[in-house]
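Please read the structure below before turning to the comments.
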Amino acid sequence: MDTTIAVDKSYKKGVVRFVKQDKLLVYSAAVVLIIILIALMAPLIMPHDPTAVSLTEKVNPPSFQYPCGTDPLGRCVLSRIIQGTRTSLVAAAIIVAISGTGGVLLGLISGYKGGLVDSLIMRLVDVLLAFPSIILAMALVVSMGPGLGSVIIALTLVHWTGYARLVRAEVLTLKQSEFVEAARAMGNSSVRILFKYILPNVIAPVIVMASLDIAQIVLSMASLSFLGLGAQPPDAEWGAMINQGREFIRTAPHVTLFPGLALMVTILAFSLLGDSLRDYFDPRLREGYIE
Amino acid sequence: MLIEVKDLVKEYSVGIFNKSVVKAVDEVNFCVQQGETLGLVGESGCGKSTVARLLLMLIQPTSGSVRFEGQELTGMSQAALLKFRREMQIVFQQPQQSLHPRMKIAESLAEPLQLYKLVKSKAEEKVRVRQLLDEVGLSEEHLERYPHELSGGQAQRVAIARVLALKPKFIVADEPTSMLDVSVQAQILSLIKKLQQEHTIGMLFISHDLEVVQAVSDRVAVMYQGKLVETGSKQQIFMEPRHSYTKYLTSTILEMPTSLIRDDLA
Amino acid sequence: MVTMQASSPLLSIRALSTYFQVKETVVKAVDEVSLDIYPQEVLALVGETGCGKSVLALSILRLLPKNSQSEGSIRYKGLEILEASEEELRKMRGKEIGMIPQSQATSLNPLLKVGWQVMEVLQLHKKVGKLEAQESVVNLFSRLQLPDPAKRMNYYPHQLSGGMRQRVLVSMGVACKPNLILVDEPTKGLDAVLRKEVVNLLGEQAAENSSSMMLITHDFSVAAVLADRIAVMYAGEIVEMGSSSGILAKPRHPYTQSLIDSLPGRGFKPIPGFSPSLSLLPPGCRFQPRCRVACPKCASLHPEITETGVNHYVRCLYADRS
């Protein structure tokens with residue numbers, strides 16, 4: 001029988017193919033990339049000095065000169081948003097890097113060693129998780145004195161628990177798997193098994209969690225700054241900006257609206273990226289054929 | 001004596017509120033001599049895989065003794081055990097899952113050589129890996145693949161090659177073919193038998209399948225609910241089983257209707 | 001092909017090919033398979049992992065994923081399955097053609113009571129009340145010799161042993177008394193004790209019900225015990241088909257011979273080499289690189305399947321040599 005089955009040309013290899021199927025991943029990744037670029041190039045693209053006060057131009061509506069208007073001190077809102085992007089992302093990156101690494105290491109040790117070490121680490125996690133994280137962070141910041149540094153330390157102390165729990169659970173399953181048992185029987189040391197056999201297999205969920213975590217950290221930081229605990233004037237920070245515009249919300253909504261929008265877009269982009277990465281890393285959703 | 005097991009017990013406590021103790025392995029005694037195959041047969045859940053892990057000290061026994069060439073292994077520290085790991089190896093049931101999913105076959109095969117510094121240079125390592133591949137009937141095209149790109153039989157060959165790289169004196173084969181097709185099973189078992197004879201390796205062969213055990217073992221031990229109920233030479237176990245459980249097991253062999261036996265065999 | 005028995009076939013497959021698109025290539029997992037299943041007969045489809053036998057079964061139920069395509073013809077009682085509507089298919093699955101899936105360990109929903117899961121199958125296809133369905137399930141369970149059937153209904157899958165779960169799966173497959181039951185690898189991964197139990201169970205089912213059965217297996221000894229006819233599949237094609245007694249007593253195709261010889265009780269002789277990948281088939285006869293009697297002609301000519309005896313078909317250039 002003569003059979004001609006056309007190959008679907010749009011069907012590409014690996015990543016490219018998946019990207020075609022999952023538009024959400026592409027869009028969210030693109031937005032995240034733009035946000036990162038803005039943060040990196042902040043000084044180059046700001047139309048004005050974000051800290052330049054101009055008493056003659058207080059609370060101006062958006063205009064050609066000030067695309068997002070000016071704030072109660074006459075500073076350019078757009079420039080301050082751009083500066084705020086840098087503040088938020090750099091702080092979030094530091095927090096995720098430290099709490100992620102620490103959490104992963106503690107999770108690895110806890111899951112692999114078990115016993116007393118495991119109990120100690122996990123009870124500490126339980127205690128930290130028993131408080132609402134934002135309240136706990138607030139308490140820590142207050143005890144250390146307000147400021148961006150305190151916020152970074154406080155959020156780092158609060159956020160490692162998620163990674164530790166996630167990694168520990170993964171390790172507990174992987175520890176039982178035959179390839180880890182085989183590696184042990186082969187004579188690999190515990191350290192080698194942890195880093196060569198177990199770590200590469202828990203990295204994917206950790207990346208997903210990190211992406212979702214950045215969204216949450218940006219929000220927490222904004223909340224703390226809104227309450228006056230975070231970035232101190234004249235540093236630009238979204239939460240602090242929203243707070244400053246609070247009084248003028250009826251007469252000059254742009255002062256709160258634009259930083260609010262920036263916050264929303266950033267959080268949404270990182271959350272959606274996390275979600276689509278989760279799908280991407282799930283091989284069951286990636287391969288479309290059966291045995 | 002290569003392996004000597006005495007009064008081996010492994011208990012697990014189960015339940016949260018009413019803790020009770022389950023004996024997964026209950027006073028098991030056996031020995032394996034150099035180059036000999038002891039078949040360990042029993043149904044799923046009888047504790048035979050626990051015995052495998054106890055022998056290699058992957059889990060600690062509750063009590064009893066395991067001796068390798070006269071050396072007591074129980075109670076030894078992990079560091080001290082490393083010396084013996086090279087000489088006692090295991091082949092697992094699920095071939096694809098016993099290989100690191102993100103390591104290429106070439107890396108998986110090179111790992112034991114690097115761990116024990118069995119090769120002096122990269123070039124020598126390459127030669128040795130090729131040699132191992134050849135011994136288990138695989139070719140160079142398989143080197144760059146990942147475990148999930150191999151068939152079950154091919155993955156099991158890789159697992160065997162990896163064990164062979166260490167030139168062990170004793171191997172535990174824990175149901176090495178129960179997840180494979182019957183036709184592939186014959187391939188893997190004849191490979192194991194061939195390599196065992198070439199390298200004079202003592203083996204504990206664990207299986208639920210009496211016919212398979214019969215084909216590869218010199219002596220057979222029958223396990224039921226954690227206990228060895230009968231041990232004897234192959235002929236003894238298959239021709240004149242004494243324990244009722246052994247008799248029951250022999251009755252589970254699927255016999256083809258006699259009318260269907262091939263002319264030339266009948 | 002010639003009609004085999006006086007009655008007309010229940011399921012008739014003609015030149016069925018099923019393709020998969022994997023990345024940029026198209027793979028033919030089932031290659032022009034033709035076979036019939038007659039009322040009340042057990043046909044075993046024997047082959048190694050990856051030969052396309054499970055794909056064939058799923059093609060019959062049209063349960064393949066989206067990146068696949070079937071062509072040819074599958075006629076069930078006059079209905080062309082490949083052209084049937086979703087609604088027609090829904091009515092057919094379970095009620096006319098039932099399926100007993102491969103793994104007793106994963107094929108049941110762990111969160112639902114087993115009795116409920118079987119009742120659901122009944123209620124999908126028949127207008128029965130809850131009480132009536134309950135009664136039928138108890139009947140089914142007791143017919144399948146599940147001890148204490150009324151009590152077992154309220155068990156969750158993890159509370160049952162492997163053998164009992166297998167019985168529950170069988171009861172789901174036969175609940176609506178389908179005319180044809182597809183059984184996919186019923187013994188894969190089971191220990192010898194359980195395998196014997198499952199084989200006995202299926203044998204009883206085949207004898208008791210008036211339904212036909214298509215048994216998919218890699219294990220010739222299971223096929224030998226249960227089947228009336230055997231079809232041997234290799235690399236997507238049927239290479240030999242005939243009565244069980246005919247095939248076991250006198251296998252014609254070298255692959256069938258090797259497969260039988262590789263059984264533990266029949267010499268345990270391994271077949272050299274590996275099954276070919278479906279995307280990289282050897283030239284000529286597909287078994288030729290592993291065949292012990294291959295000659296140069298085999299590497300250039302792809303043999304057609306031919307009738308070599310009464311209702312015995314073989315795909316080999318030297319089928320009449322023996």
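The values are calculated or read from the model by the stated rules, or taken from the named source; none is laboratory data. Not measured: the values here are computed from a predicted model. No Cβ is skipped: glycine too gets one built from the backbone with ideal geometry, and neighbour counts run over all protein chains shown.
Matching residues to (1) among the hydrophobic types (A, V, I, L, M, F, W, C); (2) without any contact (Cβ under 8 Å) to a residue 12 or more places away in the chain:
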{"residue": "C:Pro251", "(1), (2)": "no, yes"}
{"residue": "C:Pro254", "(1), (2)": "no, no"}
{"residue": "C:Gln257", "(1), (2)": "no, yes"}
{"residue": "C:Asp261", "(1), (2)": "no, yes"}
{"residue": "C:Arg266", "(1), (2)": "no, yes"}
{"residue": "C:Val293", "(1), (2)": "yes, no"}
{"residue": "C:Pro296", "(1), (2)": "no, yes"}
{"residue": "C:Asn311", "(1), (2)": "no, no"}
{"residue": "C:Ala319", "(1), (2)": "yes, no"}
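Can you name every residue in the range B:205-219 that is more than 7 Å from chain C (Cβ to nearest Cβ) and within 14 Å of the chain's Cα centre (by Cα)?
Selection gives B:Phe205, B:Ile206, B:Ser207, B:Val213, B:Val216, B:Ser217.
For the structure I just gave you, tell me whether B:Val182 is closer than 29 Å to C:Thr217 by Cα, touching a residue at least 40 places away in the same chain (Cβ under 8 Å) and crowded, with 19+ Cβ neighbours inside 10 Å.
The answer is no for B:Val182.
Quick check on my filter: what residues within the range B:16-43 are more than 14 Å from chain C (Cβ to nearest Cβ) and charged (D, E, K, R)?
B:Lys19, B:Lys23, B:Asp26, B:Glu27, B:Glu36
Could you identify the single residue in C:Leu11, C:Leu82 that is at pLDDT 90 or above, out of contact with any His (no Cβ under 7 Å at 6 or more places or on another chain), over 18 Å from C:Val183 (Cβ atoms) and away from chain B (no Cβ under 14 Å)?
Of C:Leu11, C:Leu82, the one residue that is at pLDDT 90 or above, out of contact with any His (no Cβ under 7 Å at 6 or more places or on another chain), over 18 Å from C:Val183 (Cβ atoms) and away from chain B (no Cβ under 14 Å) is C:Leu82.
Taking the stated definitions as given, is C:Gln104 surrounded by fewer than 15 Cβ atoms within 10 Å (Cβ to Cβ) and under 19 Å from C:Leu202 (Cβ atoms)?
No.
For a quick check of your reading of the model, give me the residue pairs whose first member lies in the range B:231-242 and is under 21 Å from B:Val5 (Cα atoms), whose second is assigned to a strand (DSSP E or B), with beta-carbon atoms closer than 6 Å and at least 6 apart or on different chains.
Pairs that qualify, where the first residue is under 21 Å from B:Val5 (Cα atoms) and the partner is assigned to a strand (DSSP E or B), are B:Thr231/B:Ala221; B:Ser233/B:Arg219; B:Lys234/B:Val220; B:Ile237/B:Val220.
Can you name the helices (runs of 4 or more DSSP H) wholly within the range A:128-229 that have at least 2 residues being buried (at least 21 other Cβ atoms within 10 Å of the Cβ) and away from chain B (no Cβ under 14 Å)?
Because the criterion is at least 2 residues that are buried (at least 21 other Cβ atoms within 10 Å of the Cβ) and away from chain B (no Cβ under 14 Å), the helices (runs of 4 or more DSSP H) in the range A:128-229 that meet it are A:133-144, A:148-176, A:199-226.
For every residue, the table says whether it meets (1) under 22 Å from A:Val104 (Cα atoms); (2) among the hydrophobic types (A, V, I, L, M, F, W, C).
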site: A:Val218; (1), (2): yes, yes
site: A:Arg246; (1), (2): no, no
site: A:Ile249; (1), (2): no, yes
site: A:Thr266; (1), (2): no, no
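Considering only residues that are assigned to a strand (DSSP E or B) and touching a Leu at 6+ places or on another chain (Cβ under 7 Å), which ones fall in the range C:47-70?
C:Ser70
Can you find a residue that is facing another protein chain (nearest Cβ under 10 Å), out of contact with any helix residue (DSSP H, G or I) (no Cβ under 7 Å at 6 or more places or on another chain) and on the phi > 0 side of the Ramachandran plot anywhere in the range C:188-206?
yes
Of the residues in the range C:279-306, how many are in contact with a strand residue (DSSP E or B) (Cβ under 7 Å, 6 or more places away or on another chain) and over 30 Å from B:Leu254 (Cβ atoms)?
Total satisfying the criteria: 2.
Results for (1) in contact with a Pro (Cβ under 8 Å, 6 or more places away or on another chain); (2) surrounded by 15 or more Cβ atoms within 10 Å (Cβ to Cβ); (3) farther than 21 Å from A:Glu178 by Cα; (4) among the polar types (S, T, N, Q), shown as yes or no for each residue.
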| position | (1), (2), (3), (4) |
| --- | --- |
| B:Ser20 | no, no, yes, yes |
| B:Cys31 | no, yes, yes, no |
| B:Thr50 | no, yes, no, yes |
| B:Gly64 | no, yes, yes, no |
| B:Met76 | no, yes, yes, no |
| B:Lys104 | no, yes, no, no |
| B:Pro112 | no, yes, no, no |
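Kindly provide the set of residues from the range A:249-273 that are within 12 Å of the chain's Cα centre (by Cα) and surrounded by fewer than 20 Cβ atoms within 10 Å (Cβ to Cβ), ordered by number.
A:Ile267, A:Leu268, A:Ser271, listed by residue number.
Here are some conditions: (1) within 14 Å of chain B (Cβ to nearest Cβ); (2) buried (at least 20 other Cβ atoms within 10 Å of the Cβ). C:Leu16 meets all but one. Which one does it not meet?
So the condition that C:Leu16 fails would be (1).
From the list C:Val42, C:Val55, C:Val33, C:Val46, which residue is within 14 Å of chain B (Cβ to nearest Cβ), hydrophobic (A, V, I, L, M, F, W, C) and out of contact with any His (no Cβ under 8 Å at 6 or more places or on another chain)?
C:Val42
Have a look at C:Ile271, C:Ile260, C:Ile247 and point out the one that is over 27 Å from B:Glu175 (Cβ atoms) and of a type in the set (Val, Ile, Thr).
C:Ile247
Please go through the range B:175-204 and give me each residue that is more than 13 Å from chain C (Cβ to nearest Cβ) and not in a loop (DSSP other than H, G, I, E, B), ordered by number.
B:Leu195, B:Gln196, B:Gln197, B:Glu198, B:His199, B:Gly202, B:Met203, B:Leu204, listed by residue number.
Among the residues of the range C:234-246, which ones are surrounded by 24 or more Cβ atoms within 10 Å (Cβ to Cβ) and either without any contact (Cβ under 8 Å) to a residue 40 or more places away in the chain or out of contact with any strand residue (DSSP E or B) (no Cβ under 6 Å at 6 or more places or on another chain) (or both)?
Correct list: C:Tyr234 only.
Return the residues of the range B:114-131 that are surrounded by fewer than 17 Cβ atoms within 10 Å (Cβ to Cβ), under 25 Å from B:Phe84 (Cα atoms) and not charged (D, E, K, R); say none if nothing qualifies.
Correct list: B:Gln114, B:Tyr116, B:Leu118, B:Ser121, B:Gln131.
Restricting to the range C:73-92, what's the tally of residues that are free of Cβ contacts under 8 Å to residues at least 40 places away in the same chain and surrounded by 19 or more Cβ atoms within 10 Å (Cβ to Cβ)?
Adding up the residues that qualify gives 2.
Please indicate, with yes or no, whether at least one residue in the range B:159-171 is without any contact (Cβ under 8 Å) to a residue 24 or more places away in the chain and surrounded by fewer than 24 Cβ atoms within 10 Å (Cβ to Cβ).
No: zero hits.
Does B:Asp134 satisfy the criteria of being buried (at least 22 other Cβ atoms within 10 Å of the Cβ) and among the acidic types (Asp, Glu)?
No; evaluated as a whole, the condition is false for this residue.
Only helices (runs of 4 or more DSSP H) wholly contained in the range B:44-147 count here; list those with 2 or more residues that are within 14 Å of chain A (Cβ to nearest Cβ) and within 30 Å of C:Lys196 (Cα to Cα).
Output list reads B:48-55.
To keep it simple, each residue is scored yes or no on (1) farther than 19 Å from C:Lys53 by Cα; (2) among the acidic types (Asp, Glu); (3) more than 8 Å from every other protein chain (Cβ to nearest Cβ).
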| site | (1), (2), (3) |
| --- | --- |
| C:Leu226 | no, no, yes |
| C:Ala231 | no, no, yes |
| C:Lys250 | yes, no, no |
| C:Gly267 | yes, no, yes |
| C:Ser277 | no, no, yes |
| C:Cys298 | yes, no, yes |
| C:Thr306 | yes, no, yes |
| C:Val310 | yes, no, yes |
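Those residues that are within 25 Å of C:Ala192 (Cβ to Cβ) and outside any strand (DSSP E or B), I need them from the range B:1-43; list them, please.
B:Glu36, B:Gly42, B:Glu43
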